[in-house]
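Here the structure comes first, spelled out in structure tokens, and everything after it is commentary.
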Amino acid sequence: MKSKSPAILRSMIGLLAMISVTASACPEYLKGEYRKLHSKDSVNICELMENKTVLVVNTASHCGFTSQFKELEALHKKYKDKGLVVVGFASDDFKQEDANEEKAAEICYLNYGVTFTMLAPTHVTGEEANPVFKELADQAQEPKWNFNKYLVGKDGKLVEYFGSTTKPDSPKLAAAIEQQL
């Protein structure tokens, strides 16, 4: 059996080192799997965010701001090829999420045409908040209602926080996104 050439081994070692650096570059609070809305499939947040700017949003299917799904989808379509990832974290922390995940998914996917990543309901406030929202609360503030928007840079650090009343099509949000891309 012939041994592999030194050049191939060096290449393989270099590739492994790059993978290791990329994996370790992901901030601890983003390491984890989250189940997609009304699905058995999961998403690794670090892999989803790798070398991307991310707009993290806490969502609810029965809220006065639910129509923002349409504008979030427009943002997703406009900027996805330029390096923006939109991630919706469904949550019932404000008693506005449908108890039936299938109905919540119908509202997102059928009523508003959402194609960006939507995650199954999770806590975004208090002691039970998921690690992403615990860290974002430390870097900015905890959501006071649904549809808070957190713009996270490629390095995993919060760039800017936008409350519920900031619409996804606001010029201020668009400018912040474009500055990161």
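The values are calculated or read from the model by the stated rules, or taken from the named source; none is laboratory data. Keep in mind it's a predicted model, so treat the numbers as computed, not measured. Here the Cβ is made from the backbone with ideal geometry for all residues, glycine too, and neighbour counts use every protein chain on show.
Below are the figures for this structure:
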{"item": "Flag if ASP169 is under 22 Å from SER42 (Cα atoms) and more than 14 Å from the chain's Cα centre (by Cα)", "result": "no"}
{"item": "ASN44 vs. criteria at pLDDT below 95 and either over 22 Å from ASN111 (Cα atoms) or in contact with a strand residue (DSSP E or B) (Cβ under 9 Å, 6 or more places away or on another chain) (or both)", "result": "no"}
{"item": "Checklist (1) of a type outside the set (Val, Ile, Thr); (2) closer than 29 Å to LEU181 by Cα; (3) out of contact with any Phe, Trp or Tyr (no Cβ under 9 Å at 6 or more places or on another chain); (4) surrounded by 20 or more Cβ atoms within 10 Å (Cβ to Cβ) applied to ASP81, failing item", "result": "(4)"}
{"item": "Whichever residue in the range 111-148 is within 20 Å of VAL159 (Cα to Cα) and of a type in the set (D, E, K, R) and, among such residues, is surrounded by the most Cβ atoms within 10 Å (Cβ to Cβ)", "result": "GLU135"}
{"item": "Residue count for the range 150-181, restricted to those that are under 17 Å from GLN96 (Cβ atoms) and part of a helix (DSSP H, G or I)", "result": "0"}
{"item": "Qualifying residues in the range 96-110 (those that are among the aliphatic types (A, V, I, L, M) and either in contact with a Gly (Cβ under 6 Å, 6 or more places away or on another chain) or more than 9 Å from ALA60 (Cα to Cα) (or both)) - the one surrounded by the fewest Cβ atoms within 10 Å (Cβ to Cβ)", "result": "LEU110"}
{"item": "Qualifying positions in the range 95-126 - of a type outside the set (Gly, Ala, Ser) and on the phi > 0 side of the Ramachandran plot", "result": "LYS95"}
{"item": "Some residue of the range 13-29 being small (Gly, Ala, Ser) and modelled with pLDDT of 95 or more", "result": "no"}
{"item": "Hits in the range 140-174 - residues which are basic (Lys, Arg) and touching a strand residue (DSSP E or B) at 6+ places or on another chain (Cβ under 9 Å)", "result": "LYS149, LYS154, LYS172"}
{"item": "Qualifying residue in the range 52-66 (condition: more than 22 Å from LEU173 (Cα to Cα), among the β-branched types (Val, Ile, Thr) and modelled with pLDDT of 90 or more)", "result": "no"}
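Okay, residues lined up against (1) among the aliphatic types (A, V, I, L, M); (2) in contact (Cβ under 8 Å) with a residue 60 or more places away in the chain:
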residue: THR115; (1), (2): no, no
residue: VAL132; (1), (2): yes, yes
residue: LEU136; (1), (2): yes, yes
residue: GLN139; (1), (2): no, no
residue: LYS154; (1), (2): no, yes
residue: VAL159; (1), (2): yes, yes
residue: PRO168; (1), (2): no, yes
residue: LYS172; (1), (2): no, no
residue: ILE177; (1), (2): yes, yes
